[in-house]
Amino acid sequence: MHLRTLTLAALPAAALLAAGQLPPSASAHAAPRPTQARGGSVSAADLLAKVTSCKQISRGRYRTDANTRATVPVCGKKGAVFWKADMDIDCDGRRTAKCNERTDPWFHADTAFHQSDGRPLRSDTLPYVVVPAASGVWNPARAGIRGGCVVAVIHDGKVQYAVVGDTGPTRIIGEASYATARALGIDPDPATGGTGSGVTYLLFKNSRVSPIESRTAAVPLGERLAKRFLRDN
């Protein structure tokens, strides 16, 4: 498994991925509720069958960690982008018993995108994904990928719907929250957990969960967008 070697907080994340006006058909609004988000009737196998080849849309490739070669492209499909990488654990955001300075050597008490009440996201309960900050390699916002976008994270036969919740280094890819890892059966420990490969991140363009912290809104919207993705590709 690969650990993060850069502090995500050092990047002007929110400014680089500011949320824009999104089509109503790709948005969901619901009050936050404490139930756990999970995949629905669309299977991991169905989604993976649509991402066997890559039409690269990034100008270059990303590293999975600072000491690895750049081998991961961002690929384009109709209505979505995807990449295949590892998963490092992003425990940034609100301090909790699982995510704090003691449990996470890289902990930062903020995320690029905030809850509806203005507080940072909570990594140990909200499934979210980290996207690279905009650079010459790729600009997520120009591709329709912004805070609150829906992501289908696929690993070991499981699908977990999440949101884009944080941004990371401009040259590194493959990171998600404690809650995302735990839901997929990946060790969520921010210091020693994660997995070195086998994770597919499928991000649906111009989608939005509102409020961003609503796990119950992310699942039906993710399911609907996944079905559309299968139909259109």
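Evaluation of Thr216 against the conditions (1) over 13 Å from the mean Cα position of the chain (by Cα); (2) at pLDDT 95 or above; (3) open to solvent by 10 Å² or more (accessible area, probe 1.4 Å) shows that the sole unmet condition is (2).
Within segment 152-175, can one find any residue that is touching a Phe, Trp or Tyr at 6+ places or on another chain (Cβ under 7 Å) and more than 22 Å from Gly196 (Cα to Cα)? Within segment 152-175 (the criterion being touching a Phe, Trp or Tyr at 6+ places or on another chain (Cβ under 7 Å) and more than 22 Å from Gly196 (Cα to Cα)), the answer is no, since none of the residues qualifies. Residue-level analysis places Ala162 among those that are part of a strand (DSSP E or B), in contact with a strand residue (DSSP E or B) (Cβ under 6 Å, 6 or more places away or on another chain), among the hydrophobic types (A, V, I, L, M, F, W, C) and open to solvent by less than 20 Å² (accessible area, probe 1.4 Å). Looking at segment 194-216, can you tell me whether even one residue there is outside any strand (DSSP E or B) and within 28 Å of Thr68 (Cα to Cα)? Within segment 194-216, one or more residues are outside any strand (DSSP E or B) and within 28 Å of Thr68 (Cα to Cα).
Across segment 38-96, the number of residues qualifying as in a loop (DSSP other than H, G, I, E, B) and at positive phi comes to 1. Only residues that are among the β-branched types (Val, Ile, Thr) and farther than 30 Å from Phe229 by Cβ were counted across segment 72-128, and they come to 2.
If only residues of segment 98-135 that are part of a loop (DSSP other than H, G, I, E, B) and of a type in the set (D, E, K, R) are counted, the one that is nearest to Val209 (Cα to Cα) is Asp117. In segment 136-147, of all residues being assigned to a loop (DSSP other than H, G, I, E, B) and in contact with a helix residue (DSSP H, G or I) (Cβ under 9 Å, 6 or more places away or on another chain), the one that is surrounded by the most Cβ atoms within 10 Å (Cβ to Cβ) corresponds to Gly147. Any chance segment 105-123 includes a residue that's modelled with pLDDT of 95 or more, surrounded by fewer than 24 Cβ atoms within 10 Å (Cβ to Cβ), of a type in the set (Lys, Arg) and out of contact with any strand residue (DSSP E or B) (no Cβ under 8 Å at 6 or more places or on another chain)? Yes: one or more hits.
The values are calculated or read from the model by the stated rules, or taken from the named source; none is laboratory data. Keep in mind the model is a prediction, meaning the values are calculated, not measured. All Cβ positions, glycine included, derive from the backbone under ideal geometry; neighbour counts span all protein chains shown. Surface accessibility is based on the protein's heavy atoms, side chains included, excluding ligands, DNA and RNA. Shrake-Rupley method; radii C 1.70, N 1.55, O 1.52, S 1.80 Å.
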